[in-house]
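Novice: Encoded as structure tokens, here's the structure I'll be asking about.
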Amino acid sequence: MNPVVFLLIGAATALLGPVVMAVVARRLLGLRIGRVRALLTGCVGLLAAAVVGTPLGPEAGHTPLVTVQLGAALLAAMVFLAVSEAAVPSGTVRGVVRWPGAVRRRVARSQRYTQLSRIAVQHGLRRFLTGRSRPGAAGPQDQAQLARSLRLALEEAGATFVKLGQVLSSRYDLLPEVFVEELSSLQHEVGAEPWPDIERVLAQELGAPPQEVFAQFDPQPLAAGSMAQVHRARLRDGQAVAVKVQRPGARQTVEGDLDILFRISDMLERHTRWGRTVGSRALVQGFADSLREELDFRTEARNTAAVAANAAPAGEHGDNGGPAADGRPAPRVRLPRVHQQLCGQRVLVLEWLEGTTLNRADATLETRGLDRAALARDLLACLLEQIMIGGVFHADPHPGNILLLEDGRLALVDFGSVGRIDPMLRSSLRTMLLAIDRNDPLALSDALLELVERPEEIDEERFHRALARFTARHLTPGTTPGREMFTSLFQLVAQYGLTVPPEVAAAFRALATVEGSLNRLVPQFDIVQEARSFAADELTRRLSPRHLSRSLADEAAAVLPMLLRLPRRAERITSALEHGRLSISVRLLADERDRRFIRGIVRDVLLAFLGGLTGVLGMLLLSTQGGPRLSGSLRLFEVFGYNMLLISSVLVLLVLFTITTPRR
């Protein structure tokens with residue numbers, strides 16, 4: 001052979017051999033690997049081929065033994081790839097580049113975790129985090145003490161944990177009533193951020209210093225929260241506005257705390273029955289999603305605009321007075337107007353509403369002689385309208401987020417936390433209110449079962465009777481329902497294994513929160529009676545000729561395509577009946593996931609069987625004496641035996657790797 005041709009063939013083999021070997025091994029194992037791992041895999045395969053060829057001596061170049069060399073090379077490449085993937089999973093090496101940053105984050109997390117552990121120990125909560133609680137049921141006094149310790153620990157831990165406690169205060173189905181009441185009073189007082197830091201955030205978000213954007217800006221904040229603070233300013237056109245600015249570093253602090261919360265939730269789910277029962281990981285995940293959304297003020301701007309649009313369909317009534325376009329009276333509760341062009345991720349600019357927060361408005365209410373009951377009804381009607389009709393509602397209507405304006409009306413502010421309910425859930429909520437209004441346990445049961453996520457098996461008769469006892473206790477004339485009613489309802493739902501969807505829990509939390517605001521206006525305010533009146537008025541509105549005709553038109557538009565297809569389908573069915581061709585077919589394993597699972601089991605069983613059978617045949621051939629001689633001491637049965645053993649090894653390795661490694 002020409003030396004040049006020989007060199008070219010050798011170079012091509014040296015270059016393409018590792019690539020082909022790596023590709024075949026990767027495809028057989030079903031892995032996605034990087035270039036470095038692929039190169040190493042191919043080199044290991046070629047090295048194995050050379051090692052196997054050495055003891056064969058001159059007979060290595062014999063055509064039957066080439067398959068033995070290739071099989072050994074492939075087997076070595078697959079073994080290397082499987083072992084390296086188990087020891088160093090794909091993507092791990094790439095993380096080494098980010099190792100310094102990861103170390104810094106780990107150190108910061110360790111410091112924060114140490115601080116939180118100190119707070120937990122100081123308030124006597126460490127044993128609950130480790131799952132080593134005292135045996136036996138705790139008495140009311142112990143529960144009250146524990147609830148107070150938990151509240152104090154959350155307040156000391158900072159804003160993220162305070163917000164987590166506020167979320168938990170709405171979960172009547174997870175916590176005893178004493179914990180709900182204690183966590184409902186969570187507050188987090190913090191000092192104001194230095195003006196230079198706030199000014200820097202404003203300049204970054206607005207694209208210019210605040211002195212150039214606003215005609216006037218007060219550097220002294222009116223209110224300072226854990227995530228942001230509010231300043232008063234005036235636009236160039238003379239409008240007074242409230243500017244909400246996020247604290248520098250707030251997002252980094254929240255992300256660090258969320259990382260710790262996820263670790264704590266995982267530990268609770270592994271070591272405590274309570275964590276497994278409530279699904280602590282999923283609970284923290286929902287809280288994290290909500291908190292990250294709250295950190296983006298553009299979301300709050302959209303929330304405010306959405307609630308305002310749904311609450312005021314008669315947008316032409318600038319004074320929020322007069323009837324709405326669909327027959328509903330326009331809301332008597334003001335919502336701030338958003339200046340979208342000035343809003344950013346960390347800055348929110350809203351219309352300035354002159355007034356006093358409800359928790360400081362007692363003197364103003366008395367001095368001006370305002371009708372407290374009318375204000376309470378307006379506030380509740382506004383929230384119920386948001387929940388039942390608009391579908392987007394203020395999720396935290398506590399007294400600090402409600403203003404008493406100079407014109408005697410109320411206003412809702414701070415839409416960082418909102419809830420959303422789809423039309424089906426809104427319909428079920430309205431049905432539930434109407435059932436409460438009629439004291440109908442059966443209708444209430446049906447509405448509740450539509451609201452919650454129910455298990456496959458539930459004793460509906462017992463559930464109906466339990467709801468009948470609930471209505472007799474809390475909804476009979478002469479009773480004054482309150483927080484206890486919500487607690488009993490959630491406990492009843494949890495008792496029958498029902499799960500309350502997060503959006504429904506948020507609606508009940510908003511109603512429980514607004515109850516405190518309503519009681520500031522009218523002590524012992526009957527929220528259920530007013531909700532009944534709202535449901536009755538809403539039913540009357542929906543039965544009005546104008547609304548009914550529009551509803552019928554919407555339903556007809558949805559049903560019409562189906563009605564147009566009915567004659568053709570009826571004709572096909574009758575034709576099949578006439579000719580005796582009507583049949584019913586049931587598709588087994590219609591779900592692709594089921595089919596994939598069955599295919600995987602059948603594949604593994606067949607590969608294991610073929611691998612074992614091939615190995616046994618290979619051993620039999622190697623132990624057989626005689627047979628055709630190919631050259632020297634090399635016999636045909638030996639060649640077949642070696643090749644079959646290699647095939648058996650590849651198949652068995654493939655099955656073992658598939659069983660022990662999750663498919664990616």
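Readers should treat all values here as calculations from the given coordinates under stated rules, not as data from a laboratory. In this text, all values refer to a predicted model and were calculated from it rather than measured experimentally. Backbone-built Cβ (ideal geometry, glycine too); neighbour counts: all protein chains shown.
Novice: Net charge near A77, counting Lys/Arg +1 and Asp/Glu -1 over other residues with Cβ under 15 Å of its Cβ?
Specialist: Result for the local shell: +2.
Novice: Output the peptides 422-429, 232-239, 24-31 sorted from most to least packed, where packing is the average of other Cβ atoms within 10 Å over each peptide's residues.
Specialist: Ranking the peptides 422-429, 232-239, 24-31 by packing returns 24-31, 422-429, 232-239.
Novice: Could you tell me which of I436, G390, A411 has its Cα farthest along the dipole of the range 382-454 towards the positive end, charges placed at Cβ (Lys, Arg +1; Asp, Glu -1), taken about the Cα centre?
Specialist: In the range 382-454, that residue is I436.
Novice: Given 0.36 nm per residue, what is the gain on full extension from E199 to E293 after removing their alpha carbon distance, in nm?
Specialist: Taking E199 through E293 to full extension adds about 31.5 nm, to one decimal.
Novice: Between Q143 and S117, how many nm apart are label points set 7 Å from Cα along the C-beta direction?
Specialist: If labels sit at Q143 and S117, their model points lie 3.2 nm apart.
Novice: Take the Cβ-Cβ distance between R234 and D259 as r, set R0 to 51 Å, and report the resulting FRET efficiency rounded to the nearest 0.05.
Specialist: The value I calculate is 0.80.
Novice: Which order do the peptides 412-419, 208-215, 399-406 take when ranked by the mean count of other beta-carbon atoms within 10 Å per residue, highest first?
Specialist: My ranking of the peptides, most packed first, is 412-419, 399-406, 208-215.
Novice: Kindly state, to the nearest 0.05, the FRET efficiency for Q345 paired with A373, given R0 = 30 Å and r defined as their beta-carbon distance.
Specialist: It comes out at approximately 0.10.
Novice: Taking the simple approach of a point 7 Å from Cα along Cα-to-Cβ for both D526 and Q252, what is their distance in nm?
Specialist: That separation, rounded to one decimal, is 5.6 nm.
Novice: Tell me, what is the FRET efficiency for L606 and T67 to the nearest 0.05, using R0 = 30 angstrom and their Cβ-Cβ distance as r?
Specialist: 0.85
Novice: Sticking with this one: Pulled fully out, how much extra length does the chain show between R276 and R462, if you take 0.36 nm times their separation in residues and subtract their Cα-Cα distance?
Specialist: So the extension gain works out to 64.3 nm.
Novice: Put a dot 7 Å past each Cα toward the Cβ at L617 and L564; how far apart are the dots in nm?
Specialist: Between L564 and L617, the simple spin-label model gives 6.2 nm.
Novice: Give the peptides 264-272, 507-515 in descending order of average Cβ contacts within 10 Å, highest first.
Specialist: Top to bottom by mean Cβ count within 10 Å: 507-515, 264-272.
Novice: Apply the Debye scattering formula to the range 329-469, with a single equal point scatterer on each alpha-carbon and no solvent, then give log10 I(q)/I(0) at q = 0.15 Å⁻¹.
Specialist: Ignoring solvent entirely, the Cα scatterers give -0.88.
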